[in-house]
Every structure is written in structure tokens, then in C-alpha cells.
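Notes for the one structure printed next.
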Amino acid sequence: LLNPTKIYSKNMNEQNEVIGINFSIESGKEVYAIEEGHVFFVGELPEYGQCIMIRHRDQHISLYGNLKTGAIQKNQFLHKGTLIGKTKSPIFYFGYSINNYFIDPIPFMRKSMILE
């Protein structure tokens, strides 16, 4: 189902490179919040397309890109497993940062079903 295409790790404040994992995936797959938290960004970014960023505990942030977003709004509290959007073809992007540094997000994805 998931076909990772790129992995990057870099400081979140440096914006000259895509950070995280791009997955080749079919359009329309549901995407869920991996942990509870508050949405602090919903919108379009050049590197990630339509995306959502969620702030979790202890400076943890998850970023979901290339989504068809629904009713999710900035400042909304989400529980783990809340539907946040659907994938756009052909790429779904996922990134995870701690203290403003992106890390390999695969261990966080394994703890939670991000895609249905």
C-alpha cells in the first residue's frame, strides 16, 4: 500500500528542502491524526500542497501534505484517529518534528494507523 519515495531530516526553520517522507499512494485514501493535539496550520504551502500541521505534546508536530482537507480548522483540538482529510494522487507527504527538528516519521506511523 505505502511506497516511500524520499526521506529527509533537517531543521524545521530552514525552508529550502522538503522534509519527511513522500508516499506513492492512490487518491482518496483517508488520513488520520497520529496523536491528539491542536491544529495550528491549515492551508497551502509550495513544498507540501494543501496541508495540515498539528502540535502535539512536548513540542511534537506532525505535518500531513498533499491532502484534500475537509472540515478541519485552525485551533481545532483533534483526538488520535480523527479523520483529517483524504490523499491526492500520486503523492502523500508526512513529516514529524520534535523541538523544530524533523526526524524519521516511520516509528510514529507504526504506532498509529495514519492511512486507511
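Scalar couplings 3J(HN,Hα) for region 40-56, obtained by applying the Karplus form with A = 6.51, B = -1.76, C = 1.60 to θ = phi - 60°, are 10, 8, 9, x, 9, 10, x, 6, 10, x, 5, 9, 10, 10, 10, 8, 9 Hz; x denotes Gly and Pro.
Projecting label points 7 angstrom from Cα along Cα→Cβ for residue 101 and residue 77 puts them 3.1 nm apart. Once the Cα-Cα distance is subtracted from the 0.36 nm per residue extended length, the residue 91 to residue 45 segment shows a gain of 15.1 nm.
Express the relative contact order of region 24-74 as a whole percentage, based on alpha carbon pairs under 8 Å and six or more residues apart in sequence.
Once divided by the residue count of region 24-74, the mean separation gives 31 percent.
Laboratory data are not the source of any read-out in this text; all were calculated from the coordinates shown. The structure displayed is predicted, hence computed values, not measured ones. Backbone-built Cβ (ideal geometry, glycine too); neighbour counts: all protein chains shown.
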